Amino acid sequence: APPEYIQVWPGGSTLAPGDLGTVGPSLVPPPGTSKHAPHSIIIGVRKGGTRALLEMLDIHPEVAAAATEVHFFDWDENYGKGFEWYRDQMPYSYPNQITVEKTPGYFTSPVAPARIHAMNSSIRLLLILRDPTERVISDYTHHLATTQNTLGTT
Ligand SMILES: Nc1ncnc2c1ncn2[C@@H]1O[C@H](COP(=O)(O)OS(=O)(=O)O)[C@@H](OP(=O)(O)O)[C@H]1O
């Protein structure tokens, strides 16, 4: 994916001139890029290796991957922010790139399928499967590690 922003110095130069006094650069998106709704979404499964898949896809020059899990279709609070908000969470991309986001929570959300279908009925959904026992041990371990400070010691 292209960098999120580039520095542009007064006068339009992307290189810092020798002396511009106190005037600093502005941050602007890379020229020729824009934000798009995803062409493809990694919907899960949680602990299936979804982060690894997204990062491997992102190595490809024609892929632009969202940096974080957006939780647009499964969290009502985010869905209520609207489609423009969702698109704004996507990375800047060039016209030849496809945009990909991953939120494993979509796979277990009862409301996500209809919402995704309403946005784009022919979107490509990517799902990784994992041995169920290994997956649940990974999930449980992650849950313990992130909640142990709130469960108390008894
Ligand atoms: N290439 C590859 N092959 C097999 N397994 C892999 C791979 N990459 C990541 N992993 C394992 O996937 C687990 C993390 O999955 P996720 O990235 O989907 O986690 S999350 O749902 O986003 O929290 C996590 O599992 P556990 O180590 O068992 O917890 C990772 O080790």
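The values are calculated or read from the model by the stated rules, or taken from the named source; none is laboratory data. Predicted model, so just to flag it, every value in this text is computed and none were measured. In this analysis, Cβ positions are derived from the backbone assuming ideal geometry, glycine residues included, and neighbour counts consider all displayed protein chains.
Mind checking which residues of the range 60-82 are at positive phi and over 10 Å from the mean Cα position of the chain (by Cα)?
The one that is at positive phi and over 10 Å from the mean Cα position of the chain (by Cα): 82.
Tell me which of these residue 93 doesn't satisfy, since it passes every other one: (1) small (Gly, Ala, Ser); (2) within 28 Å of residue 60 (Cα to Cα); (3) more than 15 Å from the chain's Cα centre (by Cα).
Here residue 93 meets the rest and fails (3).
Within the range 11-31, does at least one residue satisfy the condition of being modelled with pLDDT under 95, within 13 Å of residue 100 (Cβ to Cβ) and surrounded by 15 or more Cβ atoms within 10 Å (Cβ to Cβ)? Outline the logic, then answer.
Here is the first cut: in the range 11-31, the residues modelled with pLDDT under 95 are 11-31.
Those left that are additionally within 13 Å of residue 100 (Cβ to Cβ): none.
Checked against the condition, which is being modelled with pLDDT under 95, within 13 Å of residue 100 (Cβ to Cβ) and surrounded by 15 or more Cβ atoms within 10 Å (Cβ to Cβ), the range 11-31 yields no hits at all.
Looking at 101, 84, 55, 134, can you tell me which residue is within 25 Å of residue 33 (Cβ to Cβ), modelled with pLDDT of 95 or more, surrounded by fewer than 18 Cβ atoms within 10 Å (Cβ to Cβ) and within 16 Å of the ligand (Cβ to nearest atom)?
On the way: 101 fails: surrounded by fewer than 18 Cβ atoms within 10 Å (Cβ to Cβ); 84 fails: within 16 Å of the ligand (Cβ to nearest atom); 134 fails: within 25 Å of residue 33 (Cβ to Cβ).
Residue meeting the stated conditions: 55.
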